[in-house]
Amino acid sequence: MDAGGGSVQGVVFCWNGSVTTVLSELKSALSEVPTVLLDDDLLHVFEDARAGAAALEALAAQPSIVVVVGAGGSGKSTVVNAIVGSDAVSVSPIRPTTTRVTAVGASGTPPVDAAAEHVVVSGLPPGIVVVDTPPWDVAEETVRSIMGVAALSIVVVTPARYGDEAIREALGAARSSDSFRVVANRMPQGLPLREQLEDAIAERLGVIPAAVIAEGDPVIVPGLINDVPRDDPATARHAVLSRAVAGSSRRVAEGLTQVAREVGSLERVINTVSTPVPELPPVDESSDWTEVRDSLVSAVMSAVSSFDDAVESGHDGGLASRVRSRLPEIGSEPTTASLDAWKDDVSQRFGSNARVRFRRKSGRALVERWSWIVSIDPNAGVPRRFDSLMTDAKDSTVTVSGEMLAEILQEPVEARRAEWRAIVDSAGDYRPGVLFAAATALTGEDDAHA
């Protein structure tokens, strides 16, 4: 005699709130992994872990349906309320009251059907949906479609109608679910008669009722969704995938622990590599500002590249190469703009130091022409008239202008050093233990048992 195929255990086991929380913690830990610390092999393992976690989340997002079916007036809604532990759906002694599909689940539970009425209760774990249905003989097609995707079908029968064709059809459809149960409701109070009816129902339907409810007694349906089956397909998929995700995540955590020493040594290299000084181009009276400026920009870009080379070659291992690959491209526009602004500023500085009687148009043109040249190379062949235009502050102006130029040329290299530091500092702050703990919590196993 069949006691009702399988069990709904896997539903509770797979989708309880603690598993959902642990998965969220693992995904959070994975999202914070500084991938720059991962070599190619470890990066593949990391991607496997992320993909597996996403698959677990998708699996958890699929509602596990417990559907309660039966003939009109069988007390389906009463059984639903007993399962969820609250008066989620209306009942009436006049019976029947259910005219549409009603899905009962926890907050955030995915919908079963767009046309169904949804009721939120606090007594069910996320992902479990208990569905109350119209009578089988009223909405057979609708009820059958829900049973086809249910994890558990519960067929409610009564002494008056357990032999009806509708009940036999419903029970046949229930066998297409992952598991099913029969509940005998509205049974007589007298024990001898009730036992006779239980035997008759079992013989007629070929299924021993999982719960027997006497007319007028409190409705108790123990064990319908509380036992965890070890052979449930959803449980097996979840368990296998969880072990794979946990194993990959632990490997990533271990790899990050091993690379921690590399982070410290790379930091030392970044801090100790000297700042390359861009070479100044030769200038004279024939020099064109645009050409000189572009030459200076090129020298700056070369200095930044030389700094990158020095850091990468000064560090053993692949971490420096991976960090370098994350650095932004070297842009020339900021340096170009800074140099143009420097030229205008230098011209104003020299102009303000020119003798008053020489501040005519021709004198201003001479200052504008030679101020940037002499600031780049004080020994350039400066015309005597330019010197005669200047006050005694000429030398100090040349010095200040030259220092300003040096800062402009060195700033991109120091900015590059800061970019290296930012990536390494961010990676160095990561704590692999958080990921390891989250991976272990997902399966409750350490490496020795994974």
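The values are calculated or read from the model by the stated rules, or taken from the named source; none is laboratory data. On a predicted model such as this, the values are computed, not experimentally measured, just so you know. As a convention, Cβ positions derive from the backbone with ideal geometry for all residues, glycine included, and neighbour counts pool all protein chains shown.
A few points about this structure:
Conditions (1) in the same structural domain as VAL424 (by TED's automatic domain parsing); (2) at pLDDT 90 or above; (3) at positive phi; (4) crowded, with 19+ Cβ neighbours inside 10 Å, marked per residue:
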position: ASP232; (1), (2), (3), (4): no, no, no, yes
position: HIS238; (1), (2), (3), (4): no, no, no, yes
position: VAL245; (1), (2), (3), (4): no, yes, no, yes
position: SER248; (1), (2), (3), (4): no, yes, no, yes
position: GLU254; (1), (2), (3), (4): no, yes, no, no
position: SER265; (1), (2), (3), (4): yes, yes, no, no
position: ARG268; (1), (2), (3), (4): yes, yes, no, no
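- Taken across the stretch 391-403, residues that are within 19 Å of GLU285 (Cα to Cα), touching a residue at least 24 places away in the same chain (Cβ under 8 Å) and not in a helix (DSSP H, G or I) do not occur at all.
- The stretch 176-199, residues that are within 48 Å of the chain's Cα centre (by Cα) and either assigned to a strand (DSSP E or B) or more than 23 Å from ASN81 (Cα to Cα) (or both): SER176, PHE180, ARG181, VAL182, VAL183, ALA184, ASN185
- Residues being outside any loop (DSSP other than H, G, I, E, B) and under 44 Å from the mean Cα position of the chain (by Cα) - total across the stretch 274-328: 25
- Odd one out for PHE46, checked against (1) modelled with pLDDT under 90; (2) not assigned by TED's automatic domain parsing to the domain that holds GLY172: (1)
- Long-range neighbours under 9 Å by Cβ, at least six apart or interchain, first residue assigned by TED's automatic domain parsing to the domain that holds LYS76 within the stretch 140-164, second among the basic types (Lys, Arg) and crowded, with 24+ Cβ neighbours inside 10 Å: LEU152/ARG181; SER153/ARG181; ILE154/LYS76; ILE154/ARG181; VAL155/ARG181; VAL156/LYS76
- Filtered residues of the stretch 148-204 (kept if touching a Gly at 6+ places or on another chain (Cβ under 7 Å) and aromatic (Phe, Trp, Tyr)): PHE180
- Leading residue by the ranking (surrounded by the fewest Cβ atoms within 10 Å (Cβ to Cβ)) among those in the stretch 372-425 that are within 18 Å of THR336 (Cα to Cα) and either in contact with a strand residue (DSSP E or B) (Cβ under 7 Å, 6 or more places away or on another chain) or of a type in the set (Ser, Thr, Tyr) (or both): SER401
- The numbered conditions (1) aliphatic (A, V, I, L, M); (2) in contact with a Ser or Thr (Cβ under 8 Å, 6 or more places away or on another chain); (3) assigned to a loop (DSSP other than H, G, I, E, B) are all true for ALA380 except (2).
- Matching residues, the stretch 361-377, being out of contact with any Gly (no Cβ under 8 Å at 6 or more places or on another chain) and assigned to a helix (DSSP H, G or I): LYS361, SER362, GLY363, ALA365, LEU366, ARG369, TRP370, TRP372, ILE373, VAL374
- Of all the criteria given as (1) under 30 Å from SER249 (Cα atoms); (2) part of a helix (DSSP H, G or I), the one not satisfied by ASP387 is (1).
- Leading residue by the ranking (nearest to VAL131 (Cα to Cα)) among those in the stretch 167-192 that are surrounded by fewer than 19 Cβ atoms within 10 Å (Cβ to Cβ) and either among the hydrophobic types (A, V, I, L, M, F, W, C) or in contact (Cβ under 8 Å) with a residue 60 or more places away in the chain (or both): ARG175
- Extreme residue, modelled with the lowest pLDDT, among residues of the stretch 426-436 that are in a helix (DSSP H, G or I) and surrounded by fewer than 19 Cβ atoms within 10 Å (Cβ to Cβ): GLY428
- Leading residue by the ranking (surrounded by the most Cβ atoms within 10 Å (Cβ to Cβ)) among those in the stretch 205-217 that are more than 13 Å from THR158 (Cα to Cα) and in contact with a Gly (Cβ under 9 Å, 6 or more places away or on another chain): VAL207
- So PRO334, is it of a type outside the set (D, E, K, R) and within 40 Å of the chain's Cα centre (by Cα): yes
- All of (1) outside the structural domain of SER74 (by TED's automatic domain parsing); (2) at pLDDT 85 or above; (3) farther than 17 Å from LEU23 by Cα hold for ALA211 with one exception: (1).
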